[in-house]
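Have a look at the structure below, then the notes.
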Amino acid sequence: MRRIPKRDAMYLGAHISISESIALAPSRGRSVGCEAIQIFSRSPRMLRKTKPIPPEEAQAFQENMKKHGLARAVIHANYLINLASPKKNGLRYSRAAFVEELDRAQVLGIRDVIFHPGAHLGKGETYALKTIAASLDWSFDHATAPDVFAVLEITAGQGSVIGYTFAQLAEIMKACSHPERLAVCIDTCHTFAAGYDFRTREGYDALLRDVEGTVGLSRVRAFHLNDSKGDLGSRADRHEDIGKGKLGQDPFRFLVNDERFREIPAVLEFPGTDGGYRKELKLLRSLVTGENPPTSPQKPRGRRAGRETG
């Protein structure tokens, strides 16, 4: 297949199915124009332990990543994991499932496991923030995944879900005993629904100043590129086609041209209603101009805290 030419932009991609075999995901991603892919490493809707990834399947996945010219892969963790659960069994199962996610990423050679921080289910945000940090410590201590980052995804803040501000994500990191193992995923829909308005250049710059002042831009290891059906501050996690929601095209133009993120994977999660991922990726690439440098000096992307992003 023809290799996607390298751009001075993000590694653009999409969430890709692992049906039949994880090893098929790279070819599926490449067929729709991905430079990076996001996958589930197992069923996202059950917590019980699953079968280990066969070594030959993991090897085939890694070989197919190279064969199809994909730059990066990330894993999205099981949706049912709640590292803030106030229920004893729920927390136990969630922690065990998260350890499994970290271990499976290590086997596949993937460096990043993206996850929703958790929901307090009525116990309060302070309780949830402390419990998530403790759960992460427990998970790192029990996993065999020294090369894998746990990547906190900002949420829309629906219901009792926390992690809807970068300050909250920073609080989790501060309370964790292994902050060097933590990073951040910025979901554009979630960020907007949580109340951050970055539809203008001024708003975009203000958002990144907030990120830098809380978690730090160096901790951003992934983006989810989703437009939003919901309004600003709606707390609604409802994705829309790029440019057809309340965000419009401008925020995505700012992002894909920001040289600080040119080596960061940025994936679509909503296949769209008009042409699917292929058309959405084509639209995003059409926004790349190479004429939109950051407004304030920042270190070039590609390394954080002395560790390679590979």
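The values are calculated or read from the model by the stated rules, or taken from the named source; none is laboratory data. This structure is a prediction, so every number in the text was calculated from the model and none was measured. Cβ atoms come from the backbone with ideal geometry, glycine included; neighbour counts cover every protein chain shown.
Looking only at residues in region 66-78 that are in contact with a strand residue (DSSP E or B) (Cβ under 8 Å, 6 or more places away or on another chain) and in contact (Cβ under 8 Å) with a residue 40 or more places away in the chain, which one is surrounded by the fewest Cβ atoms within 10 Å (Cβ to Cβ)?
Ala71
Which of (1) crowded, with 18+ Cβ neighbours inside 10 Å; (2) over 19 Å from Arg221 (Cβ atoms); (3) small (Gly, Ala, Ser) is the odd one out, the single condition Ala145 does not satisfy?
Checking Ala145 against (1) crowded, with 18+ Cβ neighbours inside 10 Å; (2) over 19 Å from Arg221 (Cβ atoms); (3) small (Gly, Ala, Ser), the one that fails is (2).
Which members of region 15-52 meet the condition of being within 30 Å of Leu91 (Cβ to Cβ), β-branched (Val, Ile, Thr) and over 15 Å from the mean Cα position of the chain (by Cα)?
Correct list: Ile18, Ile22, Thr50.
From the set of residues in region 97-132 that are among the aliphatic types (A, V, I, L, M) and assigned to a loop (DSSP other than H, G, I, E, B), which is surrounded by the most Cβ atoms within 10 Å (Cβ to Cβ)?
Ile110
Would you call Ile39 in contact with a strand residue (DSSP E or B) (Cβ under 8 Å, 6 or more places away or on another chain) and either closer than 30 Å to Leu169 by Cβ or buried (at least 24 other Cβ atoms within 10 Å of the Cβ) (or both)?
Here the answer is yes, as Ile39 does meet what is asked.
Can you name the number of the only condition in (1) closer than 28 Å to Ile242 by Cβ; (2) of a type in the set (A, V, I, L, M, F, W, C); (3) touching a Pro at 6+ places or on another chain (Cβ under 9 Å) that Ile18 fails?
Unmet for Ile18, out of (1) closer than 28 Å to Ile242 by Cβ; (2) of a type in the set (A, V, I, L, M, F, W, C); (3) touching a Pro at 6+ places or on another chain (Cβ under 9 Å): (3).
Which pairs do you get when a residue that is more than 18 Å from Ser286 (Cβ to Cβ) and surrounded by fewer than 24 Cβ atoms within 10 Å (Cβ to Cβ), found in region 251-267, comes within reach of a residue that is of a type in the set (Ser, Thr, Tyr) and at pLDDT below 95, reach meaning Cβ atoms under 9 angstrom, with the pair 6+ apart or on two chains?
Glu263/Thr309; Ile264/Thr309
Can you tell which of Ser135, Ser85 is at negative phi and in a helix (DSSP H, G or I)?
Within the list Ser135, Ser85, the selection yields Ser135.
Inside region 212-245, can you point out the residues that are part of a loop (DSSP other than H, G, I, E, B), crowded, with 23+ Cβ neighbours inside 10 Å and not aliphatic (A, V, I, L, M)?
Selection gives Asn226 alone.
State all residues of region 79-124 that are more than 25 Å from Glu269 (Cβ to Cβ), touching a residue at least 24 places away in the same chain (Cβ under 8 Å) and among the small types (Gly, Ala, Ser); if no residue qualifies, say none.
Result: Ala96, Gly122.
Among the residues of region 156-211, which ones are among the polar types (S, T, N, Q) and either in a strand (DSSP E or B) or buried (at least 21 other Cβ atoms within 10 Å of the Cβ) (or both)?
The answer is Gln168, Thr188, Thr191.
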